[in-house]
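Peer 1: Got a structure here, written out as C-alpha cells. Questions coming.
The values are calculated or read from the model by the stated rules, or taken from the named source; none is laboratory data. Source: prediction; values computed, not measured. Cβ: placed from backbone, ideal geometry, glycine included. Neighbour counts: every protein chain shown. The area values use the complete protein model at the heavy-atom level, side chains included, leaving out ligands, DNA and RNA. Shrake-Rupley method; radii C 1.70, N 1.55, O 1.52, S 1.80 Å.
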Amino acid sequence: FRLGCRLCEPHLCCCGALVDAYGTHSLACNRSAAAGRQLRHHLINDIIYRSLARANIHSSREPLGLYRSDGRRPDGVTLTPWRAGKCLIWDATSPDTQAASHIHGTSQKAGAAAEQAAIHKADKYRELAAKYFFIPVAVETLGPINVDGANFLSELGRRIELSSCEKLKTAHVFERISIAVQRGNAASFSGCF
C-alpha cells in the first residue's frame with residue numbers, strides 16, 4: 001500500500017465492488033475492512049494498555065461507569081493521575097488515509113485524516129474532558145498519527161524508559177503501533193477476496 005505497488009489481480013470484492021490491482025478498495029470496504037479496522041483498533045489499545053503497565057501506570061480498558069452522553073465509553077482510563085491531578089482517558093481510531101472523505105485533505109497534508117478524526121473524538125468526549133485528561137489517538141492506515149496522539153505516545157515511551165532504565169522504549173512504542181497498522185491493513189486486504 002505505502003509503496004503503491006501492484007498487490008493483486010483486479011477482481012470483485014465480496015461486496016461486489018471492483019478491487020483494482022493496488023487493493024485500495026479493501027481499506028474502505030464496509031465488509032472486508034471491518035476485520036482490519038477492529039484488529040487495528042484492538043491492537044493499538046492493547047499497545048497503549050501494555051505500555052502504561054510497563055511504565056508502572058495502572059489503567060483499565062473500557063472502564064465501566066465512565067460513559068459519554070450517548071452511552072459509549074472510552075477505550076481506557078488510567079487509575080492514577082496522569083497530569084495536573086487528572087486521570088487520563090484515551091480513545092483510539094484508525095481512519096483510512098485514502099478514503100473518499102479524506103483524500104482531499106491527505107493529498108495536501110500528511111496526517112490530515114488523523115487530525116480530523118482526533119478533532120471528531122475530542123468533540124465526542126468534551127463533557128468528560130472537564131474531569132479527565134483526554135487524548136485521542138488517531139493512526140491512519142498509511143501510518144501518520146495525530147499530533148496529540150504522537151506526543152502522548154512519546155511521553156509514554158519516556159515514562160517507560162524512566163521506570164525501566166532502558167533506552168529506545170519510545171521508538172519501540174511507535175514500532176509496535178506501525179506493526180499493528182500493517183497487520184490490520186493485511187487483514188482488510190485479505191478480506192476482499
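Peer 1: Look at Leu142 and say whether it is touching a Ser or Thr at 6+ places or on another chain (Cβ under 6 Å) and either acidic (Asp, Glu) or modelled with pLDDT of 95 or more (or both).
Peer 2: Criteria not met by Leu142.
Peer 1: Test Asn56 against the stated conditions and say whether it is in contact with a helix residue (DSSP H, G or I) (Cβ under 7 Å, 6 or more places away or on another chain) and open to solvent by 30 Å² or more (accessible area, probe 1.4 Å).
Peer 2: Answer is yes for this residue.
Peer 1: From the set of residues in the range 28-51 that are farther than 11 Å from Gly191 by Cα, of a type in the set (Lys, Arg) and touching a residue at least 24 places away in the same chain (Cβ under 8 Å), which is surrounded by the fewest Cβ atoms within 10 Å (Cβ to Cβ)?
Peer 2: Here the residue is Arg37.
Peer 1: Here's something else I'd like to know. Give the range 161-171 a look and list any residue that's over 22 Å from Val77 (Cβ atoms), open to solvent by 40 Å² or more (accessible area, probe 1.4 Å) and over 20 Å from the mean Cα position of the chain (by Cα), or say none.
Peer 2: Glu161, Cys165, Glu166, Lys167, Leu168
Peer 1: Only one of (1) in contact with a helix residue (DSSP H, G or I) (Cβ under 9 Å, 6 or more places away or on another chain); (2) in contact (Cβ under 8 Å) with a residue 24 or more places away in the chain; (3) within 17 Å of Tyr49 (Cβ to Cβ) is not met by His172, so which one is it?
Peer 2: Here His172 meets the rest and fails (2).
Peer 1: Also, quick follow-up: Working only within the range 110-139, note down all residues that are of a type in the set (D, E, K, R) and in contact with a Ser or Thr (Cβ under 8 Å, 6 or more places away or on another chain).
Peer 2: Lys121, Glu127
Peer 1: If you scan the range 8-27, which residues turn out to be among the aliphatic types (A, V, I, L, M), open to solvent by 10 Å² or more (accessible area, probe 1.4 Å) and either within 12 Å of Ser190 (Cβ to Cβ) or in contact with a strand residue (DSSP E or B) (Cβ under 7 Å, 6 or more places away or on another chain) (or both)?
Peer 2: Leu12, Leu18
Peer 1: Considering only residues that are hydroxyl-bearing (Ser, Thr, Tyr) and either under 27 Å from Ser154 (Cα atoms) or open to solvent by 10 Å² or more (accessible area, probe 1.4 Å) (or both), which ones fall in the range 172-193?
Peer 2: Ser178, Ser190
Peer 1: Exactly one of these conditions fails for His25: (1) touching a Lys or Arg at 6+ places or on another chain (Cβ under 9 Å); (2) touching a residue at least 40 places away in the same chain (Cβ under 8 Å). Give me its number.
Peer 2: (1)
Peer 1: Follow-up. Among the residues of the range 61-72, is any touching a helix residue (DSSP H, G or I) at 6+ places or on another chain (Cβ under 6 Å), more than 22 Å from Asn185 (Cα to Cα) and not in a loop (DSSP other than H, G, I, E, B)?
Peer 2: Yes: one or more hits.
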